[in-house]
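Colleague: Here it is, the structure, as structure tokens.
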Amino acid sequence: MGSRPVTVRLARWSAEHPWRAIALWVVFVAVCFVGGSAAGLNEATDADQAIGESGRAGLIVDAGGFDDPAVENVLITPRGGTLDPAAAKAAADDAATRLRSVTGVASVGEPVTAGDGSALLLPVTMAGDPETASERVGPLRDATAGVQDGHPGLRVEQVGGPSISKALDDTLGADFKRAELLSLPVTLAILIIAFGALIAAGVPVLLALSSVAAAMGLSTLASHLVPATDTTASVILLIGMAVGVDYSLFYVRREREERARGRSGLDAVEIAAETSGHAVVVSGFAVIISMAGLLLAGDVVFSSLAVGSILVVAVAVTGSLTVLPALLAKLGRWVDRPRVPLLWRLTAPRTGRHGEPVAPRFWPAVLRPALRAPVATLVISVGLLLVLAAPALGMKLKFPGMEDLPRSTPAMQAYDRLTAAFPSNGTSHTVAVRAPAAEAERVGAALTELAGRASADPLFAPTEAGGPKIEVSADRRVSVLEVATPYASRTDEAVRSLERLRADLVPAALGGVPGVEYAVGGGVAASEDYARHVWSKLPVVIGFVLVLTFLVMVLTFRSVVIALSSILLNLLSAGAAYGLLVLVFQGEWAEGLLGFTSMGAIVTWLPLFLFVVLFGLSMDYHVFVVSRIREGVRAGMSNRDAVAYGITSSAGVVTSAAIVMVGVFAIFASLSTIDMKQLGVGLAAAILLDATIIRAVVLPALMTMLGDANWWAPRFLRARPAPAPADPPAPAPELVGSR
């Protein structure tokens, strides 16, 4: 007898020493979590996140060492009709008096009247660290509310960066809290339906949560090598719950199936380790390879997400191979307790006269077209998916702007009134200049000329009274000018104004200054630069993921054809998801259905992130299903019979795993921000398509059509025939009776 696979050896040791394995896992998770907490988190700086010309502009501004305090505004507008100047002045004086006595207010400026006389604006400068201003803005808002009470005939509102951040933090915090509270019970409910037993449903959740906890600690340690970003922890939770539940689900279902066939507890664990355990390892490698592709993006945000995802997948795979067999061995048949009566009868593994698992009649019915008419089924299904993917060719990428934030908060409603009355407070471009100190006056004159030329151009907002405000650093080496545009950040006009600055106005004004370095930044510039960055890196990342995944699949299944078909099917799945995303979010027809306002584009970072996540997660199902098909082939079945056996025997667990993911991802689609909605819809739709049309229709049709060619490989790759670990049954006669 040859050497047993490492997955079996690990599982046997854990099953024979369950308390040791469980204790080691608990210690491992605790050490990771505590060690990470002790090391502290190293967060990415602005310099780490600088991309393109907008990134260079940000670095130039940072080099100036400017005092950039947080600024709030009190906006006074009429409730109807025109603004009464005297009443507005009285309200502004009242607001100034109240705010000067508020702790945390550094100064109150002079009121400014809108060009059309429709509003009055009172600027307020806050003291202290601007980064924490949103946490200290409450007393200012209370003072403004008092002014509103004293002047009921006017609309008196506070608006500014800190107050908007506070309102959004409250709204989004409530969103994420709801998502977190819903995701766990939704996952448990789906698993209870899948298993029909409470303990069996709880084991995958327990492994997933412990994997997430360990990975959180490890990622904190890793942040000292690759700085972390705000989204890293959320992605670890999202990916960790997805793969942790999936891997446990595959393993537990196979162990229960083998026990139902009469295997002893230890034998059932070993067979599950040799089959599902092997699939988990291959799937884990596929996900890790996909996420590692993000490291090639040259972006600290993607690098941080890659490191976090790789760690949580590696931990989940390790737990599936070690502590999970120990839990199953210790629980024994108690894993099927307590049973939910009706659900248990529907979900309990069924066996035939010879101990073979019996699939529900639903799946043979679904498979029948693919097995009887594979070519026609393949052409029709692939054609439909290509039609669904077609809109992706028109994908546009944009950063969400202020106009895409939820308008349910008073702060955002006030912001809309502010930008309508004072366009220069809306979208603006930052012209950052660095030059020798001796050239400071010449730079200032050039920027003044630049502001004048821009003011005469309809693409830009008129310069406010008093002329352009040019900030100069203490060492006179850095100068900064804000050039406003009256157009929203996502509009074509805003992009044209950026292009006008970069291609014409700025070079013409500053090109003759000796030793000058300049760049144009701001929100519009960051969006355009990042979109170009993503488009340039997407082919590199895709190529890396495809090549390495191909090699892993070739080495795993010893078949070039299986590896190629795996790649093509996953690309088809990702393309369909992209097309659906464009169809839903670049148009307006689904706005009322999903509660969003179309931005006419997809969020810039989403395509790259979606590709690696979807490609990795799709491999979970593909590896598991094809492994079951290969079991049938190794047991001597014909190719068509093996396809029928593999699909029907894995359909239940793949469907259950997919429903868990779709349920969790759909919760993200209910959040307020457009980027979370797009992420949730994209992930949920892709997983649903992959687990249904791809795995139950396209895959069996393709493998049935190819026949024995599925397993072709060059001679040097071919493995010696190996017996299947368990004797698979012949598939149902209705599946294979027609040739």
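Colleague: If you plug each phi of segment 675-682 into the Karplus form 6.51 cos²θ - 1.76 cosθ + 1.60 with θ = phi - 60°, what whole-Hz ³J(HN,Hα) values come out, in order, with x for Gly and Pro?
Modeller: Using θ = phi - 60°, the values come out as 5, 6, 5, 5, 4, x, 5, x Hz.
Colleague: While we're here: Helix 606-634: angle to the longest alpha-carbon principal axis of the chain, degrees 0 to 90, nearest 10?
Modeller: With rounding to tens, the tilt is 0 degrees.
Colleague: Let me ask another. Can you list the residues, at least 5 places off or on another chain, whose amide H is less than 5 Å from the amide H of H429, using H built in the peptide plane?
Modeller: Under 5 Å from the amide H of H429 lie the amide H atoms of V483, A484, T485, each far enough along the sequence or on another chain.
Colleague: Hey, another quick one. How much of the accessible area of the chain, probe 1.4 Å, is carbon plus sulfur, in whole percent?
Modeller: With neighbouring chains kept in place, the figure for the chain is 62 percent.
Colleague: Let me ask another. Solvent-accessible area per residue for the chain at a 1.4 Å probe radius, Å²?
Modeller: 41 Å²
Colleague: How many Lys pairs in the chain lie less than 28 angstrom apart by Cα atoms, where the lysines are 8 or more positions apart or on different chains?
Modeller: Number of lysine pairs found: 13.
Colleague: Checking the a/c ratio against 1.5 first, then a/b against b/c, what shape does the Cα gyration tensor give for the chain?
Modeller: It is prolate, given that a/c is not under 1.5 and a/b is the larger ratio.
Colleague: Can you find, among L555, V102, T132, the residue farthest towards the positive end of the dipole of the chain? Put +1 on the C-beta of Lys and Arg, -1 on that of Asp and Glu.
Modeller: Farthest along the dipole direction, towards plus: L555.
Colleague: Compute the distance from the alpha-carbon center of segment 513-540 to that of segment 665-693, in whole Å.
Modeller: Spelled out, the Cα-based centre of one part sits 29 Å from the other.
Colleague: Another one. Only Lys, Arg, Asp and Glu count, each charged at its Cβ (+1, +1, -1, -1), so figure out the dipole size of segment 440-562 about its Cα centre, rounded to 20 debye.
Modeller: The calculated dipole for segment 440-562 is roughly 540 debye.
Colleague: Compute the long axis of helix 300-321 from its Cα atoms, compare it with the longest principal axis of the Cα atoms of the chain, and write down the angle in degrees, 0 to 90, nearest 10.
Modeller: Long axis of 300-321 versus the principal axis of the chain: about 30 degrees.
Colleague: Percent of alpha carbon pairs in segment 239-319 separated by more than 21 Å?
Modeller: Across segment 239-319, Cα pairs with separations above 21 Å total 38 percent.
Colleague: Residues with amide H under 5 Å of V340's amide H, sequence separation 5 or more or different chain, H placed in the peptide plane at 1.01 Å from N; which?
Modeller: Residues meeting the amide H criterion: A197, L198.
Colleague: Same structure again: For the chain, what does the helix formula give at 222 nm: sum of -39500 (n - 2.57) over DSSP H segments with n ≥ 4, over the residue count, nearest 500 deg cm²/dmol?
Modeller: Dividing the helical sum by the residues of the chain leaves -20000 deg cm²/dmol.
Colleague: Please work out the Cα convex hull volume for segment 457-596 and give it in Å³ per residue.
Modeller: Per-residue hull volume (Cα only) is 224 Å³.
Colleague: Let me ask something else about it. Dipole of the chain (Lys/Arg Cβ +1, Asp/Glu Cβ -1, origin at the Cα centre): which of T409, G467, P152 lies farthest to the positive side?
Modeller: T409
Colleague: According to the Cα gyration tensor, what semi-axes, each the square root of 5 times an eigenvalue, does the equivalent ellipsoid of segment 161-270 have, listed from largest to smallest in whole Å?
Modeller: Equivalent ellipsoid semi-axes, largest first: 36, 19, 7 Å.
Colleague: Now for a different question. With 22 Å as the cut-off, how large is the P(r) tail for segment 29-156, expressed as percent of Cα-Cα pairs?
Modeller: Tail fraction, whole percent: 55.
Colleague: Residue-wise, which Karplus ³J(HN,Hα) couplings in Hz belong to segment 541-555, taking 6.51 cos²θ - 1.76 cosθ + 1.60, θ = phi - 60°, and x for glycine or proline?
Modeller: Calculated HN-Hα couplings, in order: 5, 4, x, 4, 5, 5, 5, 5, 5, 4, 5, 4, 5, 4, 5 Hz.
Colleague: Can you tell me which of 630-643, 302-315 comes out highest on packing, and rank the rest after it, using the mean Cβ neighbours within 10 Å?
Modeller: Peptide ranking by packing, descending: 302-315, 630-643.
Colleague: Can you list the residues, at least 5 places off or on another chain, whose amide H is less than 5 Å from the amide H of R155, using H built in the peptide plane?
Modeller: T77, R79
Colleague: Can I ask one more? I'd like to compare 668-675, 607-614, 138-145: which one has the highest average count of other Cβ atoms within 10 Å, and what's the full order after that?
Modeller: 607-614, 668-675, 138-145
Colleague: Another question about this same structure. Could you give me the ³J(HN,Hα) list for segment 530-537, computed from phi with Karplus coefficients 6.51, -1.76, 1.60 and θ = phi - 60°, whole Hz, x at Gly and Pro?
Modeller: 5, 4, 4, 4, 5, 4, 6, 8
Colleague: On to the next question. Take every Cα pair under 8 Å in segment 482-599 that's 6+ residues apart, average their separations, divide by the length, and report that relative contact order as a whole percent.
Modeller: Relative contact order comes out at 14 percent.
The values are calculated or read from the model by the stated rules, or taken from the named source; none is laboratory data. What you see is a predicted model, and the numbers here were worked out from it, not measured in a lab. Virtual Cβ from ideal backbone geometry, glycine too; neighbours counted across all protein chains shown. Quick note on the areas: whole protein, heavy atoms, side chains included, nothing else; ligands and nucleic acids left out. Shrake-Rupley method; radii C 1.70, N 1.55, O 1.52, S 1.80 Å.
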